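One structure below.
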Amino acid sequence: MKKTTIKIVVALLCPNRSWINHHRTKGFLLIFFLLSLNSSVFAQAKIKNILTGTVYSADDNKPLPGATIHNRLSGVNIATDINGNFQLVTTDTSGILDISFIGYRTGQLFFSSKSRGPFKVLLNLDASILKEVIVSTGYQNLPKERATGSFVQLDSALINRRVSTDIVSRLEGVVPGLLFNRNTSNSANGTTDINIRGHSTLFSNDQPLIVVDGFPYDGDFNNINPNDIESITVLKDAAAASIWGVRSGNGVIVLTTKKGKQNQKLVTELNANVTIGKKPDLFYSPNFLDANSYINIEQLLFKQGYYNALINDPTQAISPVVQLLADQQSGKISTDEANSQINALRNQDVRKDLGNNFYRTSVLQQYALNFRGGGDKSDYFFSIGDDHNLSSLDGNSNNRITLNGNYNFYPVKNLQITAGINFIKTDGENNSPVSNINSGDFFAGYIYPYAQLVDGHGNSLPIVKDYNSDFINSAPQKGYLNWQYRPLDELNNADNTSNALDNRINIGISYKIIPGLTAGFKYQYEMASVLVNNYYSTATYYARNLINEYSQQNANGSFSYPIPNGGILQQSNAYLNSHQYRG
């Protein structure tokens with residue numbers, strides 16, 4: 001267009017081509033002058049479009065100052081002001097703008113002569129970009145590079161990588177230096193037994209300090225709902241944990257719960273999962289001595305006189321094979337009869353009866369629902385959780401309901417008022433007799449492998465426990481209650497329940513004086529209680545054994561029972577009240 005225009009002008013002004021050749025310099029100057037004049041005229045003739053708009057973060061709806069606006073056609077770049085606003089002047093009638101900001105995905109904006117703004121541009125966070133790691137010590141939040149000592153940071157994605165109803169299981173296998181002790185008295189009682197970098201305390205509480213939202217947590221660690229946790233920081237050495245004083249000698253586990261954000265639209269999250277576990281395979285472990293080998297060892301030990309002291313003491317329990325060998329030795333039964341009964345036991349396997357009658361498929365159900373959001377002067381978070389767990393041990397179960405709420409109010413700039421509440425209710429049953437079945441004082445400390453728990457019709461059979469079988473069988477004739485121990489009856493007659501409550505209420509106020517300096521006050525009240533009810537009817541071995549142990553035979557042959565002949569209710573209560581302040 002420009003070349004054609006130039007030629008026409010030159011032809012009109014200079015019809016004699018030789019004149020230009022003769023005045024070459026003047027000719028070129030004239031051409032350049034006409035070229036610039038022509039370009040400015042046409043530029044002024046083009047229409048200018050003014051595009052306006054504001055760039056926001058889609059995560060919290062806050063403006064993004066310094067975002068880059070790039071015009072693909074003209075290549076012009078501008079940046080948004082402190083309020084996220086931009087104003088771009090272009091002569092293009094239509095085109096595409098690329099909007100970018102560090103940590104966010106680049107967005108595109110299409111404009112035309114009919115659509116010039118004002119535009120509202122929302123940029124989404126880019127999850128592929130590494131976020132700054134913030135370490136929470138329970139007192140303050142610090143960037144990773146400023147935190148001293150050794151620590152491990154777990155974010156929400158890592159916490160939720162494993163499905164479980166307790167927070168302890170979420171930590172297993174992902175925190176270096178965190179040890180789970182499975183063979184201690186604490187773990188046997190169903191409580192958590194963990195250590196950070198080994199034992200640091202010998203004769204006192206050796207468990208790590210648990211901190212939840214800036215306050216030490218005195219309740220049961222297993223009661224905390226993992227769906228309410230946003231991040232976990234494990235402080236492992238003295239430098240990291242020293243801010244908590246003497247209680248941090250075994251390490252500190254800092255939990256930060258989920259919260260809402262200002263100017264955030266309502267966000268609802270629903271988490272539901274059902275985990276079905278296969279019935280435990282009792283035949284899996286190779287560390288099991290089969291009945292035939294076990295009987296051979298018992299026969300060898302019997303010949304060497306190992307059981308002589310036990311046989312002559314009716315208060316000592318001996319296995320059926322040893323009892324048969326003793327009866328054979330005393331002449332109560334013949335050798336053939338003893339061998340026949342012993343050989344019949346060689347094909348028995350107690351694991352079969354245990355697996356069929358005392359174990360089941362485990363079912364773990366977990367449901368969680370939460371709401372969070374916020375406005376200009378407040379943010380909120382509320383959650384409810386419902387868990388139902390059926391253990392692989394028949395008769396054991398656990399149910400939990402959790403309520404968690406947090407509200408932050410910002411009445412004026414730099415002032416924050418916080419209020420939170422947490423409610424946990426747990427109901428459990430512990431009726432499985434498996435631990436009692438395996439408590440016999442026999443070889444290797446477990447029940448003899450040829451024990452029969454049920455007959456061919458599924459009826460319960462007695463096994464040896466606590467006393468000699470001859471003494472037990474003759475006890476009713478002497479006036480004692482039936483002293484036999486039938487494991488299947490114990491499962492059906494057990495009634496052991498536990499109920500636990502854990503309530504926490506916290507309030508706080510803080511004022512940001514200058515960047516890096518905040519004055520605040522926090523208070524938390526915690527109330528927890530545990531009620532355990534174990535009812536033993538006269539059908540249970542516990543009640544019959546306790547009554548028999550204290551029974552007294554009178555001179556005339558009658559029996560008196562210092563412990564009344566009836567059921568026994570065993571209750572244990574534990575209460576906790578805690579007031580904590582921080583300034």
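The values are calculated or read from the model by the stated rules, or taken from the named source; none is laboratory data. This structure is a prediction, so every number in the text was calculated from the model and none was measured. Note that each Cβ is placed from the backbone with ideal geometry, even for glycine, and that neighbours are counted across all protein chains shown. Ligands, DNA and RNA are excluded from the accessible area calculation, which covers all protein heavy atoms including side chains. Shrake-Rupley method; radii C 1.70, N 1.55, O 1.52, S 1.80 Å.
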Can you tell me how much longer the chain between S100 and D60 gets when fully stretched, taken as 0.36 nm per residue apart minus their C-alpha distance, in nm with one decimal? 12.7 nm
Charge-dipole axis of the chain as Lys and Arg at +1 and Asp and Glu at -1 on Cβ define it, positive-most pick from Q108, I401, G355: Q108
I need the peptides 508-514, 247-253 ranked by packing, meaning the mean over residues of other C-beta atoms within 10 angstrom, with the highest value on top. 247-253, 508-514
Expressed per residue, the solvent accessible area of region 334-465 in Å² (1.4 Å probe) is about 48
Local electrostatic count, G373, Cβ distance below 15 Å [Lys/Arg +1, Asp/Glu -1]: +2
Just the Kirkwood number for region 236-323, please: inverse of mean 1/r across all distinct Cα pairs, in Å, one decimal. 21.2
Calculate, for region 202-284, the solvent-accessible area per residue in square angstrom, rolling a 1.4 angstrom probe over the heavy atoms of the protein chains. 49
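Find, among the chymotrypsin sites (Phe, Trp or Tyr not before Pro) in region 539-581, those assigned to loop by DSSP (not H, G, I, E, B) with at most 16 other beta-carbon atoms within 10 angstrom.
Details: sites: Y541, Y542, Y550, F559, Y575, Y581; in loops: Y550.
Within region 539-581, the qualifying chymotrypsin sites (Phe, Trp or Tyr not before Pro) (loop, at most 16 other Cβ atoms within 10 Å) are Y550.
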List the extent of the Cα atoms of the chain along each of their three principal axes, largest first, rounded to whole Å. 152, 54, 43
Convex hull volume of region 490-550 per residue (C-alpha atoms, cubic angstrom): 144
Net dipole in debye of the chain [+1 Lys, Arg Cβ; -1 Asp, Glu Cβ; about Cα centre; nearest 20]: 5100
As a test of the formula, what do you get for the chain when each DSSP H run with n ≥ 4 contributes -39,500 (n - 2.57) and the sum is divided by the residue count, at 222 nm and rounded to the nearest 500 deg cm²/dmol? -6500 deg cm²/dmol
Explain nothing, just compute: Karplus ³J(HN,Hα) = 6.51 cos²θ - 1.76 cosθ + 1.60, θ = phi - 60°, for every residue of region 237-242 in order, whole Hz, x for Gly and Pro. 10, 5, 5, 7, 9, 5
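Evaluated at 25 °C with a viscosity of 0.890 mPa s, what Stokes-Einstein diffusion coefficient in µm²/s does region 468-583 have when Rh comes from the Kirkwood expression over alpha-carbon pairs? All intermediate terms of the calculation are to be shown ahead of the outcome.
Numbers: Rh = 19.1 Å.
Rounded to a whole number, D works out at 129 µm²/s.
Quantify, in whole percent, the carbon and sulfur part of the accessible surface of the chain (1.4 Å probe; protein heavy atoms only). Intermediate results must be reported in sequence, preceding the final value.
Working: 17930 of 32840 Å².
After summing per-atom areas, the C and S share lands at 55 percent.
What pairs from K114/K261; K258/K425; K62/K236 go past 30 Å between their alpha carbons? Don't skip to the answer; put the middle values down first.
Details: K114/K261 37 Å; K258/K425 20 Å; K62/K236 37 Å.
The pairs that break the limit, which is 30 Å between Cα atoms, are K114/K261; K62/K236.
So with the 1.4 Å probe, I'd like the accessible area per residue for region 533-583, rounded to whole Å².
Values: 3210 Å² over 51 residues.
On a per-residue basis, 63 Å².
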Sorting N554, G245, F382 by the position of each Cα along the dipole of the chain (Lys, Arg +1; Asp, Glu -1; all at Cβ), the one nearest the positive end of that ordering is F382
Given Cβ charges of +1 for Lys and Arg and -1 for Asp and Glu, the option among F203, V174, Q571 whose Cα lies farthest towards the positive end of the dipole of the chain is V174
